[in-house]
Amino acid sequence: MKQNSFYITTPIYYPSGQPHMGHAYSSILADVFARFMRADNKKVFFLTGTDEHGLKIQKASEKADLEPLIYCDKISQKFRDLAKKLNLSNDDFIRTTEKRHYKSVNDLWKRLIKSGDIYLSKYKGWYSVSDEAYYNDDEVVIKNGKKVSTFSGSTVEWVEEESFFFKLSSWEKKLLELYDRNNKFILPISRRNEVINFVKSGLKDLSVSRTSFTWGIKVPNNDKHVIYVWLDALTNYLSALNYPDTNDNLYKNFWPASVHVIGKDILRFHAIYWPAFLLAAGIEPPNRVFGHGWILSGDEKMSKSKGNILNPIEIIDAYGIDELRYYLMKEVSHGSDGSISLKSLENCINSDLANNYGNLCQRIFSFVKNNCQNKVNKSKNISEADKQLINQTNELTKNLRNEMSNQNLNNYIKSVINISFLTNKYINDEEPWKLKNNNIEKMNNILHLSLEQIAKISLLLSPIIPIASFKVLDALNIKNKSKNLSFLNGSNLLTDKIEIKQLDILFKKIA
Ligand code: MSP
């Protein structure tokens, strides 16, 4: 595994409708990991994009009465716009209708033919267009008179056609060995068990081409068939690194991927099919697949077909992007599903952002402005209370890198917001305002330490709420080259004599 580079991906989204909060969640989660690694001085490549082939998109374009590519141009742009609105720091945005992607899918297919892992036969079975997935008889039930998948609840249809197959069954043992060798290949752990049990129960060969529609990448040397959309889509992770040019710097620096962030509904494709395709093609599999839970509205997955979508754009316009990012990252427990509502969004903004971190910054910055002409000096006399705060902070920060490298973002946020809480408490207990007239040196020291704490908290929060934290870091006059996490190794951030700038209100309390 590469130590100093970090390749992270979001799923590439189906441009079959409006982007919604579930998409926003997946993307922000990946963005937070990418920003953290960048702040921790790693070389980062962060990819997102759109997944534009297959029957689902063909049908959506027919419904919109547009040519598939024109339809995709339009909707893909909405996802690009959403990426901006979410303040994603993606290094690239890939579309599976791009030339570079065709080249890479063609190469992968040819390798699988060459290795003897693809053969021609006939598919007979169930298919869900909405999931773009094949299901076995025992994965299908009748609900309200319709055949649906027990796994996703979506409607399935019977398909019988000539098809190329991938010899998935012969990769069972190698996959189990992979999960064993890299026991964090699938996180969270509960999902790992789910996948292992599924693989152990026996894998059937997978149909990897279709003949009954045309919107896809044609099978090389047999253009009656289009390549199964998941084999096509998963390959985007390679195409963005200029595969098949394995001498390309992007490929050399960033493959194998460090982590594919995905929702639990597409775990099987990423944790079983994808490594099997790669192993068969002689390409190293990724290091990790992180399967997050769903954003629920009430008890149901938020989705277009259910009509229960909270529109991220409207929420950002009403509450702000940092606010939404913080809320989703804090409130949704990353392994499990999480229900969201405007009420809990407002409570979260008030309690953590306005009353805790925002208030900490505001009270110290205005005190320093009103009483010290924005200048503060540190002294050599450290009090017991100072030492205690420093030790508590060290204790809370010592595991943060580990939390992030295991995608334990909830624990990370809890620790950081706790540092902010403890710093507010320290200020309440130390009462610097009472020292204005009789102990300027001690007052300065309390303020200096508080500002140092604010700098640390802001850097730690910067992957989650980049806009607000960078405002604070700029007001602290921290230079760009120091806006990173090297202080986690024990160094101080601020010089002994500092001058700060004015800081405007960061978060408005919601009444
Ligand atoms: N196109 C495939 C992914 C291909 S990756 C090679 C796809 N697209 S999607 O647009 O349907 O979903 C994209 C991601 O959004 C998935 O990870 C999915 O789990 C996530 N979400 C969609 N709805 C969701 C929620 N309600 N909650 C959280 N995430 C969910 O799947």
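The values are calculated or read from the model by the stated rules, or taken from the named source; none is laboratory data. As the structure is a prediction and not an experimental result, all values here were calculated from the model. Note that we place each Cβ from the backbone using ideal geometry, even for glycine, and neighbour counts take in every protein chain shown.
Points worth noting:
- Subset of the stretch 239-254 that is among the aromatic types (Phe, Trp, Tyr) and in a helix (DSSP H, G or I) - its residue that is nearest to residue 196 (Cα to Cα): 254
- Any chance residue 257 is modelled with pLDDT of 95 or more, in contact with a strand residue (DSSP E or B) (Cβ under 7 Å, 6 or more places away or on another chain), within 12 Å of the ligand (Cβ to nearest atom) and part of a loop (DSSP other than H, G, I, E, B): yes
- Filter result for residue 230 (surrounded by 17 or more Cβ atoms within 10 Å (Cβ to Cβ), away from the ligand (no atom under 16 Å from the Cβ) and modelled with pLDDT of 95 or more): no
- Matching residues, the stretch 186-237, being over 17 Å from residue 97 (Cβ atoms) and hydroxyl-bearing (Ser, Thr, Tyr): 190, 201, 207, 209, 211, 212
- Neighbours by Cβ (under 7 Å, 6+ apart or cross-chain): first from the stretch 398-416, surrounded by fewer than 19 Cβ atoms within 10 Å (Cβ to Cβ); second of a type in the set (Asp, Glu) and assigned to a helix (DSSP H, G or I): 411/403
- When residue 61 is tested against (1) within 16 Å of the ligand (Cβ to nearest atom); (2) modelled with pLDDT of 95 or more; (3) closer than 26 Å to residue 267 by Cα; (4) assigned to a helix (DSSP H, G or I), just one condition goes unmet, and that condition is (3).
- Scanning the stretch 190-208 for residues that are within 30 Å of the chain's Cα centre (by Cα) and of a type in the set (S, T, N, Q) yields 190, 193, 197, 207.
The rows are residues; the columns are (1) within 13 Å of the ligand (Cβ to nearest atom); (2) among the small types (Gly, Ala, Ser); (3) modelled with pLDDT under 95; (4) more than 23 Å from residue 16 (Cβ to Cβ).
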position: 290; (1), (2), (3), (4): yes, no, no, yes
position: 293; (1), (2), (3), (4): yes, yes, yes, no
position: 296; (1), (2), (3), (4): yes, no, yes, no
position: 303; (1), (2), (3), (4): yes, yes, yes, no
position: 308; (1), (2), (3), (4): yes, no, yes, no
position: 312; (1), (2), (3), (4): yes, no, yes, no
position: 321; (1), (2), (3), (4): no, no, no, yes
position: 330; (1), (2), (3), (4): no, no, yes, yes
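- Qualifying residue in the stretch 19-33 (condition: more than 18 Å from the chain's Cα centre (by Cα), surrounded by 15 or more Cβ atoms within 10 Å (Cβ to Cβ), more than 30 Å from residue 491 (Cα to Cα) and touching a residue at least 24 places away in the same chain (Cβ under 8 Å)): no
- Condition check for residue 134: within 33 Å of the chain's Cα centre (by Cα), of a type in the set (Phe, Trp, Tyr) and surrounded by 14 or more Cβ atoms within 10 Å (Cβ to Cβ): yes
A quick yes/no check of all residues on (1) over 20 Å from residue 234 (Cβ atoms); (2) in a helix (DSSP H, G or I):
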position	(1), (2)
70	yes, yes
77	yes, yes
82	yes, yes
87	yes, no
101	no, yes
108	no, yes
112	no, yes
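- Taking the stretch 275-285 as the range and being touching a residue at least 60 places away in the same chain (Cβ under 8 Å) and either part of a strand (DSSP E or B) or within 15 Å of the ligand (Cβ to nearest atom) (or both) as the test, the residues that pass are 275, 276, 277, 285.
- Applying a threshold of 6 Å to beta carbon distances and a minimum spacing of six or more residues, or different chains, the list of pairs starting in the stretch 139-166 at a residue that is among the hydroxyl-bearing types (Ser, Thr, Tyr) and ending at one that is assigned to a loop (DSSP other than H, G, I, E, B) and at pLDDT 95 or above reads 149/156.
- Some residue of the stretch 191-207 being aromatic (Phe, Trp, Tyr), surrounded by fewer than 23 Cβ atoms within 10 Å (Cβ to Cβ), out of contact with any helix residue (DSSP H, G or I) (no Cβ under 6 Å at 6 or more places or on another chain) and not in a strand (DSSP E or B): yes
- Entirely in the stretch 383-446, the helices (runs of 4 or more DSSP H) that have 2 or more residues that are among the hydroxyl-bearing types (Ser, Thr, Tyr) and touching a helix residue (DSSP H, G or I) at 6+ places or on another chain (Cβ under 8 Å): 384-397, 409-430
- Search result, residues across the stretch 15-54 that are part of a loop (DSSP other than H, G, I, E, B) and more than 29 Å from residue 132 (Cα to Cα): 40, 41, 42
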